[in-house]
Amino acid sequence: MTESSAVPPPDAAYTAAVIDLLGAIAYGELSAFERLAEDAKLAPTLEDKVAIGSMAAAEFAHLEKLHGRLRELGGNPYAAMSAFQVGFDDFHAHTQPADWYEGLIKAYVGEGIAADFYREIAAYLDADTRDLIVAALADAGQSAFVVERVRAGIAEDPRLGGRLALWGRRLMGEALTQAQRVAAERDALSALLAGGVDRPGLDLAALGRMFTRLTENHAQRMADLGLDA
């Protein structure tokens, strides 16, 4: 459970922070769409290609609603997204899957960590924005699909489990580093996390608990896949 669900006042600093956050999530959705579309090329069967393609389409469908909220707040959706393009592209360049199974793990574990992080921040937003973010980060069907495929792969070749466990640990480290960088480099997001006189925020203890929850959620996902975290 997150620390707070209080509704902050609609001041300029808050609006700037929400625009930043929505820009990050929107670009994340776009890059997830692109990555899944590439992963579909590696799919071993037509059924897998269609499943991955459907997941990609779901990610892309979220963009329209995120863009709509950005415009309501007076933001330019493309300017908001572009602020995060280099960081996200660097992350994906450093975590390029080597094969079909690594792509599945990244779709499930990597996206899961990012979604958890953004949901944590969304707890400090107004109800409309919070609900939009939660909906945009909802499971697009990847969980059951990825768990089934990865577990079947490990059953067929037990050696696969060790390699994928290492890959999952690497994704965790890279994703947490990316999340910390996003929060630290964007002044508006840092201010949102810190809170203010009229707006609750995260102190060091609460921040620590947040990252503990992120780590615990990651461990559960890895366990669901039959992998050691």
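The values are calculated or read from the model by the stated rules, or taken from the named source; none is laboratory data. All values reported here derive from a predicted model rather than from experimental measurement. Methodologically, a virtual Cβ is constructed for each residue, glycine included, from the backbone with ideal geometry; neighbour enumeration extends over all protein chains shown. These accessible areas exclude ligands, DNA and RNA; they are computed on the full protein's heavy atoms, side chains included. Shrake-Rupley method; radii C 1.70, N 1.55, O 1.52, S 1.80 Å.
Checked against (1) of a type in the set (Lys, Arg); (2) within 14 Å of residue 167 (Cβ to Cβ); (3) surrounded by fewer than 22 Cβ atoms within 10 Å (Cβ to Cβ), residue 106 passes all but condition (3). Within the stretch 17-36, the only residue that satisfies the criterion of being among the small types (Gly, Ala, Ser) and under 14 Å from residue 124 (Cα atoms) is 17. Taken together, 144, 184 contain a single residue that is aliphatic (A, V, I, L, M), in a helix (DSSP H, G or I), closer than 22 Å to residue 85 by Cα and without any contact (Cβ under 8 Å) to a residue 24 or more places away in the chain, which is 184.
Within the stretch 37-57, residues that are under 18 Å from residue 150 (Cα atoms) have Cβ atoms under 8 Å from residues that are polar (S, T, N, Q) in these pairs: 55/142, counting only partners at least 6 apart in sequence or on another chain.
The criterion of being open to solvent by 30 Å² or more (accessible area, probe 1.4 Å), out of contact with any Asp or Glu (no Cβ under 8 Å at 6 or more places or on another chain), part of a helix (DSSP H, G or I) and under 23 Å from residue 167 (Cα atoms) holds for residue 101.
Do the conditions hold for residue 68, that is, is it of a type in the set (Gly, Ala, Ser), closer than 16 Å to residue 136 by Cα and without any contact (Cβ under 8 Å) to a residue 24 or more places away in the chain? Here the answer is yes, as residue 68 does meet what is asked.
Restricting attention to the stretch 170-187 and to residues that are of a type in the set (Gly, Ala, Ser) and surrounded by fewer than 17 Cβ atoms within 10 Å (Cβ to Cβ), the residue that is modelled with the lowest pLDDT turns out to be 184. Entry remark, the stretch 30-85: residues being part of a helix (DSSP H, G or I) and either closer than 16 Å to residue 103 by Cβ or among the acidic types (Asp, Glu) (or both) number 23 in total.
Restricting attention to the stretch 17-49, report how many residues are closer than 30 Å to residue 190 by Cβ and among the acidic types (Asp, Glu). Residues meeting the conditions: 3.
Yes/no matrix, rows are residues, columns are (1) modelled with pLDDT under 90; (2) among the aromatic types (Phe, Trp, Tyr):
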{"residue": "14", "(1), (2)": "yes, yes"}
{"residue": "19", "(1), (2)": "no, no"}
{"residue": "27", "(1), (2)": "no, yes"}
{"residue": "32", "(1), (2)": "yes, no"}
{"residue": "44", "(1), (2)": "no, no"}
{"residue": "47", "(1), (2)": "no, no"}
{"residue": "51", "(1), (2)": "no, no"}
{"residue": "81", "(1), (2)": "no, no"}
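Being of a type in the set (Lys, Arg) and touching a residue at least 24 places away in the same chain (Cβ under 8 Å) is the filter; apply it to the stretch 147-162 and report the residue that is surrounded by the fewest Cβ atoms within 10 Å (Cβ to Cβ). Looking at residues that are of a type in the set (Lys, Arg) and touching a residue at least 24 places away in the same chain (Cβ under 8 Å), I get 151.
Number of residues in the stretch 76-98 that are touching a residue at least 60 places away in the same chain (Cβ under 8 Å), farther than 26 Å from residue 163 by Cβ and open to solvent by less than 20 Å² (accessible area, probe 1.4 Å): the value is 2.
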